[in-house]
């Protein structure tokens, strides 16, 4: 709070009020809380999605009592969605986990933290190679950094992965394939500047509502924004679209190739841009052992590219995708125009796709081919589902093949740099990638004697018991395997804790210090505002305590080059602070220490982060954040663009300075249309698509404990077209079985509901732990991103007797 | 202690408005703020509610001041509240 | 907050500090002659006293909120009844003061323009009132406002949650002196359209006697402790106050 006296404070408020009134303005302004009133407002990013809205959190008597959209935040400018407005209530669900619990004779019984930390350390020490850590895009940057260091630099194991594997890893492989470096070149400012926004299988009105409003509210200010909704079902986004183009599942590759075809055939591609800044690329032949061709492919000439896209005439695209040829031409013409600014936006529709890397590459490709990139309003931007999928998992590198700052474990130089920065002996970091998510869980769910070499798993801040595809195979089998041990750190009982052997109660959101990184490269910071309930403690502390226990047990990996513990922390006087003891954890700001240790990692790929204290002042900063000659720190909105990115060479308009081909050029990929691995047939005649709804965030463990959100959207349902319902003789609200080759669940039918699928397709949201649609879904995944396809599999709808 | 934020609407005749501002400037209880056209923001700080009302009345009768509008009011704690006589 | 409790507070029998108090509340207080409630300084909200708050859940399905009775303007008691009922009605639709209200009727999955058919201008049909939107520049209504009782709710009472939301500040007085215009006792962000609550289709008991005057903030200024405030924000205000004036 301010250190001014009450009188000055009140006078400033009085003047502000009078000034606003004198100016005759109706703009809102606020008066300060007077010292002593007990109400305290502080900034924090919202706990939920990857948009990265900032909220103002009001606390009083140690509890959160109100939330407001942060008017100072660039991202949301004071607006929130219904989840954000109610985010404060996530702390207060009645069944918060407040004590460590161990499963004894089938029941979870309370134990002490001392015992719990000992059990985890013993399990790891027993079989370090069989231990895996499964984290999350909801890990704070500090937590992810600690987890990554603990595993890769401490245990020397790469068996750490995270749920973003299920969420945005196809976006990563798309960016890597195209630009040689991850994350979008553009940012949310493009939403304010584009003339056309194209939704690629993206229900933005429900999934990123604040960003969607940023777009559509321009219309009420008299601006023209054309929205093209490429979709398989009618959604709330469709209601705002100028064109709703329905395509058959998997038809998106054909549409993108059709646009490329028209740009080439009509000669409307941006020849100058392409010659100066692009190379063409295709996959090589598959290797003899049946493994897919290398991700980064091989060169092709423009002529070869033109020939490759030649078959994708509008008529052929109509055949493959169902989008009328005339509409395909309209899209081609749109991209061919230089005077339109086009922003492509996507999320899970393109990422949860057995051809996710391919479709991501193709959308970047048509933007590059037509020069619709790198100027405000022209961008191809993937939107992220979790608050720090970017900041933590992609940037800190908590995936099985990554090291912090865009490094990979397979690169000897990268390993050496990481060992240097972490001050651990050379050779500590393993050169082979660990198991990716689906593989990790498959091995955990396979008897050890049959090759299931993961025996102990620690899951933090995520709920794989609900989100993994094909849950019987990938999660539930564990129940009958005696030699497997599952540790879960969470805040509420979930479908994952249901099978846990040890449950650790965590602190969440404003119960701890934290940093997140959102979809537009924006790194955000907040401080702890309230105490966690009962004995709940932060995930970062939990890992630190286990690491210390292993150090005390003499585990060599927990020692750095100097023989000191790898998380050795000192105070200003140089004395060691025992941060492994909970009562001393907040003696220093561990989050800040970890962030400052992490910062040097970010330089290699020009993802420079500013000092921690800069983020304390800001509502997030977009990297690269580069210090100016006057000492200030400047964020970057458009990466690779000469007018904004300080790393672009002087006098150059664009420079893709992490180019795969090392010549500062981006890659335009050709990827053919192919059919998906499972399609409807006589036995399973419907396409099943799964997804989210506005009111609930992911598995609903937080939002379903908020009365307002739960009451608005109480349970899962199956959306079905009225014609199909009539044919099957199913009434609205009637409970049917949704059945696949893998499993079945019962759901009420919703006809003309939240969304409206085409005939032959059904949609089911995955938020409801009482109705787990992932018992039904398919676990086929993209060969490069290893991201499963939750959007397409074949099901039957069966009437109950 | 009583603090209020007021908006004065000054006379359309510039010399008259200026003379009003000169008068206000010499009153230590009054802090002048931003002026937007004929509207001027001020803060009045006095020792009591009673004195505050006196200033308010004085302002209303100051030549060059056409209207006085109240934008903000704060009374020191412990004082009796204002009598809201009208319904 | 029960009606009877509010009435007792109103009569000065008990202290109640977390009540939603519109600008008319102070008026009601004075007209009923109950002067025992300690006036509170602007911005201070004495919430340390035992508040008569219940866990902040929807106390009942909002669709069943009893429409406010039309008050008899001649009777002080009826006036009070209308005001308090309006406050209760308003509070029952919100998790906390400042939260977007939930929708007290089914919306099906209608086109977004449908909301505007009734809420753009406001509407009264019998006892049913559709209030005018308090803000004008937002089009994706269901982004913030969700149904109080969704399609498949049935008799599901909803989850237990002990979140206790901030209530609107109660002020002993919102006037500087007799005759001075009362200040606005709530936030103004997203609530720039005063007639939403105070206009023709607004809440019973909250309407001014001068509906013909439309530039409300000319005379009524915000005095809320509810708006978002951080140390940074406070510093900005301070700058406004301390920077040199021409």
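For (1) closer than 23 Å to residue A:515 by Cα; (2) surrounded by fewer than 21 Cβ atoms within 10 Å (Cβ to Cβ); (3) free of Cβ contacts under 8 Å to residues at least 60 places away in the same chain, each residue gets a yes or a no:
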| position | (1), (2), (3) |
| --- | --- |
| A:389 | yes, no, no |
| A:413 | no, yes, yes |
| A:417 | no, yes, no |
| A:422 | yes, no, no |
| A:429 | no, no, no |
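Among A:653, A:664, which is the only one that is farther than 29 Å from residue A:53 by Cα and exposed (fewer than 15 other Cβ atoms within 10 Å of the Cβ)? Result: A:653 is the single residue among A:653, A:664 that is farther than 29 Å from residue A:53 by Cα and exposed (fewer than 15 other Cβ atoms within 10 Å of the Cβ). Consider residue B:9 carefully, then state whether it is under 22 Å from residue C:184 (Cα atoms), within 14 Å of chain C (Cβ to nearest Cβ) and modelled with pLDDT of 80 or more. So residue B:9 fits the description; yes.
Residues considered: A:405, A:427. Of these, the only one that is at positive phi and outside any loop (DSSP other than H, G, I, E, B) is A:405.
Quick grid of which residues meet (1) under 25 Å from residue A:568 (Cβ atoms); (2) at pLDDT below 95; (3) buried (at least 19 other Cβ atoms within 10 Å of the Cβ):
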residue	(1), (2), (3)
A:605	no, no, yes
A:613	yes, no, no
A:618	no, no, yes
A:623	no, no, yes
A:627	no, no, no
A:632	no, no, no
A:635	no, no, yes
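One residue is enough: does segment A:381-391 have a residue meeting the conditions part of a helix (DSSP H, G or I) and farther than 26 Å from residue A:689 by Cα? The answer is yes; a qualifying residue exists.
Is it fair to say residue A:240 is crowded, with 22+ Cβ neighbours inside 10 Å and within 14 Å of chain C (Cβ to nearest Cβ)? Write out each step before concluding.
On the way: crowded, with 22+ Cβ neighbours inside 10 Å: yes; within 14 Å of chain C (Cβ to nearest Cβ): yes.
The answer is yes for residue A:240.
Restricted to segment C:146-180, and to residues there that are surrounded by 22 or more Cβ atoms within 10 Å (Cβ to Cβ), at pLDDT 60 or above and more than 7 Å from chain A (Cβ to nearest Cβ), the residue that is farthest from residue B:71 (Cα to Cα) is C:167.
Applying the selection to segment B:30-53, what residues are surrounded by 17 or more Cβ atoms within 10 Å (Cβ to Cβ) and not in a strand (DSSP E or B)? Matches in segment B:30-53: B:49, B:52, B:53. On inspection, residue A:259 qualifies as touching a residue at least 24 places away in the same chain (Cβ under 8 Å), closer than 25 Å to residue A:352 by Cα and touching a helix residue (DSSP H, G or I) at 6+ places or on another chain (Cβ under 6 Å).
For segment A:717-745, which positions are more than 7 Å from chain C (Cβ to nearest Cβ), within 18 Å of residue A:793 (Cα to Cα) and part of a loop (DSSP other than H, G, I, E, B)? Across segment A:717-745, the qualifying residues are A:721, A:740, A:741, A:742, A:743.
Of the residues contained in segment C:189-210, one or more are found to be within 13 Å of chain A (Cβ to nearest Cβ), modelled with pLDDT of 80 or more and closer than 29 Å to residue B:49 by Cβ. Do the conditions hold for residue A:137, that is, is it touching a residue at least 12 places away in the same chain (Cβ under 8 Å) and surrounded by fewer than 21 Cβ atoms within 10 Å (Cβ to Cβ)? So residue A:137 fails the test.
For segment A:235-244, the tally of residues that are more than 24 Å from the chain's Cα centre (by Cα) and assigned to a loop (DSSP other than H, G, I, E, B) stands at 2.
Being modelled with pLDDT of 95 or more and more than 30 Å from residue A:465 (Cβ to Cβ) is a description that does not apply to residue A:150.
Do the conditions hold for residue A:357, that is, is it in the same structural domain as residue A:414 (by TED's automatic domain parsing) and within 25 Å of residue A:639 (Cβ to Cβ)? Criteria not met by residue A:357. Scanning segment C:85-106 for residues that are under 17 Å from residue A:712 (Cβ atoms) and either assigned to a helix (DSSP H, G or I) or more than 13 Å from every other protein chain (Cβ to nearest Cβ) (or both) turns up just one, C:92.
Considering each residue of segment A:767-784 in turn, at least one proves to be surrounded by fewer than 24 Cβ atoms within 10 Å (Cβ to Cβ), in contact with a strand residue (DSSP E or B) (Cβ under 8 Å, 6 or more places away or on another chain), within 14 Å of chain C (Cβ to nearest Cβ) and not in a strand (DSSP E or B). Return yes when residue A:578 is exposed (fewer than 15 other Cβ atoms within 10 Å of the Cβ) and in contact with a strand residue (DSSP E or B) (Cβ under 9 Å, 6 or more places away or on another chain) and no when it is not. Considered against the rule, which asks whether it is exposed (fewer than 15 other Cβ atoms within 10 Å of the Cβ) and in contact with a strand residue (DSSP E or B) (Cβ under 9 Å, 6 or more places away or on another chain), residue A:578 comes out as no.
Of the strands (runs of 3 or more DSSP E) lying entirely inside segment A:32-120, those containing at least 3 residues that are within 14 Å of another protein chain (Cβ to nearest Cβ) span A:40-45, A:54-60, A:63-69.
Within segment B:19-28, does at least one residue satisfy the condition of being within 17 Å of residue A:7 (Cα to Cα) and either out of contact with any strand residue (DSSP E or B) (no Cβ under 7 Å at 6 or more places or on another chain) or at pLDDT below 90 (or both)? Taking every residue of segment B:19-28 in turn, at least one turns out to be within 17 Å of residue A:7 (Cα to Cα) and either out of contact with any strand residue (DSSP E or B) (no Cβ under 7 Å at 6 or more places or on another chain) or at pLDDT below 90 (or both). Residues in segment A:435-494 that are assigned to a loop (DSSP other than H, G, I, E, B) and within 18 Å of residue A:104 (Cα to Cα): A:481, A:482, A:483, A:484, A:493.
The residues of segment B:46-75 that are more than 7 Å from chain C (Cβ to nearest Cβ), more than 27 Å from residue B:12 (Cα to Cα) and either in contact with a strand residue (DSSP E or B) (Cβ under 6 Å, 6 or more places away or on another chain) or at pLDDT below 80 (or both), listed by number, are B:46, B:48, B:49, B:50.
Within the bounds of segment A:58-71, is there any residue that is touching a helix residue (DSSP H, G or I) at 6+ places or on another chain (Cβ under 6 Å), closer than 19 Å to residue C:145 by Cα and free of Cβ contacts under 8 Å to residues at least 24 places away in the same chain?
Yes, that holds for at least one residue.
Picking from residues in segment A:213-234 that are facing chain C (nearest Cβ under 10 Å) and not in a helix (DSSP H, G or I), the one that is nearest to the chain's Cα centre (by Cα) is A:234.
The values are calculated or read from the model by the stated rules, or taken from the named source; none is laboratory data. None of the values given here were measured: they were computed from a predicted structure. Heads up, the Cβs are rebuilt from the backbone with ideal geometry, glycines too, and the neighbour counts pull from every protein chain shown.
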